[in-house]
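Right, one structure below, let's go through it.
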Amino acid sequence: MIYLALFVAGSLSALALAPFNITPVLIAALAFLFLQLKTASVGKSFVETYVFSLGYFVFGLYWIGNALLVEGNPYKWVWPLSVIGLPVLLSFFPALGGALFAFLKRDNAPWKNIISFAVAFMLMDVARGTLFTGFPWNLWGHAWSGILPILQTLSIWGVYGLSLYTLVIAAYIATLAQGATLHTWKTKIPGFSLLLVILLVPYGWGAWRLAVNPTELSDKTIRIVQPNIPQHEKWDSRLIPDHFLKLLTLSQGDEDYIVWPESAFPAFFLDVTPAVNDWRKSIKPQQTVLSGTLRGEDDIYFNSLAAINGNSEIINLYNKSHLVPFGEYIPFQKYIPLAPIARFSGFETGNGAITQKAGDLLYSSLVCYEIIFTGQVVNKKQAQPDVLINVTNDAWYGVSPGPFQHWQQGVYRAIEEGIPVIRSANTGISGIIDSYGRPLLRTSLHTQEAVTSKLPKKPVKSTVYSRVYYLPLIVLGLIWIVGIAGWSAILLRGSKA
């Protein structure tokens, strides 16, 4: 029965994520998990956390399977496997966190247990976000997506720090609630007062930060195009010329920069005379189009973002570096002797984040889910960009939490880096996010739109987080674990003496 309760608690936790943003549900569920793990062995803690996490990931990520439900896809029968397969793998990370907490926990040491719980699960968030290509989607810290003042703390400690904060609050609430009755609640007043401080101080600081830093706009203008091309029509060879003309029609204006979504058109179009003529009729000489495009070079293919001038000349190219496993490449492909896999060459990876210049605009390109990787969206060895350009195609996922969660990742990166995010998505959500996470423009899902604005300025000073990223959290977390384990070993040796 307890396993059913844990699975349900984990499932309900997904309501804390976009687009629902019901933060208390996740905190209450994590508090329940903490109480369960306090009395469990290492092995049982692993299993209980795994069941909890399975519910969380199944209901938080089920929408990924929608990619198989696109009209005309012959592999729809794989949908159940896609819905459960990724959660089955991802759940191992929190489960290891649960086992680590069981190893670190101590009797009659509430604060040590609170911190150990938070550190163990935070470190597993980091592991999930970095190991085996990484998948930092729906981290514990993403539960605050609807509370912008709290999100301002991302500028100091990033998403993993916000995960730590979330876990501390959950474990602290569980500790306060344990054993509380109508007769003992008065003794808990100091504890609940501290809880209010833990919640209100970051919120108050974040609200102040937003109030004293209004959005400042530059003289540069931008047009973001959302063509809303259904996925089952996108690569129909008969319709691709029409898609190209639709993009050009939506791009007509006087803005300095125009942004098209991921894989908006095949790059070879720029070598086809009719397409070039259409381009030069629609795009003015002084304008720059920043567009996702698919390119081939000697049977090697790239998912790229190109900067193209009014004469249809490519002036900059960025090749996507974080490819989607099993979508854009097959891991260990050469070792899998299955014909369909052996024939799938996939895309080649790029060389990582780079700062490029178009006109007088410095920008860093992010194709699709590259926006989700904290600490990897800019190249610190180069001049810092004025904006982050994120192009994507979320048409695969229909009307589901996926596009909302993807948009929210852009909010997190904007605040962490202190750099505005410009986002063009084929079917939405497109828009502009300033350096403090405020949406200046935001389109709806599945609408055909072209929105325009002046570009927001980035702050003069870089954020604390963008200087050090999450290395201090890892170091402090490991020091805590070694300290607890070492102290326990000393006590054990002393008891045997």
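The values are calculated or read from the model by the stated rules, or taken from the named source; none is laboratory data. Here the structure is a predicted model, which means the values were calculated and not measured. Note: ideal-geometry Cβ built from the backbone for every residue, glycine included; neighbour counts use all protein chains shown.
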| query | Would you pick out the residues in the stretch 41-83 that are among the β-branched types (V, I, T) and touching a His at 6+ places or on another chain (Cβ under 6 Å)? | reply | V70
| note | Taking first residues from the stretch 202-213 that are within 14 Å of I156 (Cα to Cα) and second residues anywhere that are surrounded by 16 or more Cβ atoms within 10 Å (Cβ to Cβ) and among the small types (G, A, S), the pairs with Cβ under 9 Å that are 6 or more apart or on different chains are R209/S155
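Take A267 and tell me if it is under 29 Å from the mean Cα position of the chain (by Cα) and touching a residue at least 12 places away in the same chain (Cβ under 8 Å).
yes
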| remark: Taking the stretch 326-349 and the residues there that are crowded, with 16+ Cβ neighbours inside 10 Å and out of contact with any Leu (no Cβ under 9 Å at 6 or more places or on another chain), the one that is modelled with the lowest pLDDT would be I330
| remark: Over the stretch 195-252, the set of residues closer than 22 Å to A358 by Cβ and charged (D, E, K, R) is E216, D219, K220, R223
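Search the stretch 233-266 for residues being small (G, A, S) and closer than 16 Å to I314 by Cα, and hand back the single one that is surrounded by the fewest Cβ atoms within 10 Å (Cβ to Cβ). Quick ask: steps written out before the conclusion?
From the stretch 233-266, those small (G, A, S) are 237, 251, 253, 263-264; that's our starting set.
Among the residues that remain, those that are also closer than 16 Å to I314 by Cα are: 263-264.
On the way: S263: 21, A264: 27.
Per the stated criteria, the residue is S263.
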| Which listed residue, of T49, T39, is within 20 Å of F101 (Cα to Cα), out of contact with any strand residue (DSSP E or B) (no Cβ under 8 Å at 6 or more places or on another chain) and without any contact (Cβ under 8 Å) to a residue 24 or more places away in the chain | T39
| message | Yes or no: the stretch 61-77 includes at least one residue that is modelled with pLDDT of 95 or more, of a type in the set (D, E, K, R), touching a Leu at 6+ places or on another chain (Cβ under 6 Å) and in a helix (DSSP H, G or I). | response | no
| note | Checking F93, F132, F117, F121 in turn, the sole residue that is in the same structural domain as Y203 (by TED's automatic domain parsing), closer than 24 Å to L54 by Cβ and modelled with pLDDT under 95 turns out to be F132
| said: Pull out all pairs, ordered by first then second residue, where Cβ-Cβ is under 7 Å, the residues are six or more apart or on different chains, the first lies in the stretch 460-475 and is small (G, A, S), and the second is surrounded by 19 or more Cβ atoms within 10 Å (Cβ to Cβ). | reply: S462/G418; S466/E416; S466/E417; S466/G418
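Taking the residues in the stretch 440-470 that are among the hydroxyl-bearing types (S, T, Y) and over 24 Å from F373 (Cα atoms) as candidates, determine which candidate is surrounded by the most Cβ atoms within 10 Å (Cβ to Cβ). Show your work before the answer.
So in the stretch 440-470, the residues among the hydroxyl-bearing types (S, T, Y) come out as 443-444, 447, 452-453, 462-463, 465-466, 469-470.
In the following step, the residues that additionally are over 24 Å from F373 (Cα atoms) were identified as 444, 447, 452-453.
Working: S444: 12, T447: 12, T452: 14, S453: 17.
Filtering first and then ranking leaves S453.
Tally up the residues in the stretch 126-150 that are closer than 16 Å to I27 by Cα and surrounded by 17 or more Cβ atoms within 10 Å (Cβ to Cβ), please.
9
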| Hey, any hits in the stretch 90-106 for a residue that's among the hydroxyl-bearing types (S, T, Y) and surrounded by fewer than 20 Cβ atoms within 10 Å (Cβ to Cβ)? | no
| Looking only at the stretch 267-301, and only at residues there that are under 22 Å from S364 (Cβ atoms) and out of contact with any helix residue (DSSP H, G or I) (no Cβ under 9 Å at 6 or more places or on another chain), the one that is surrounded by the most Cβ atoms within 10 Å (Cβ to Cβ) | L290
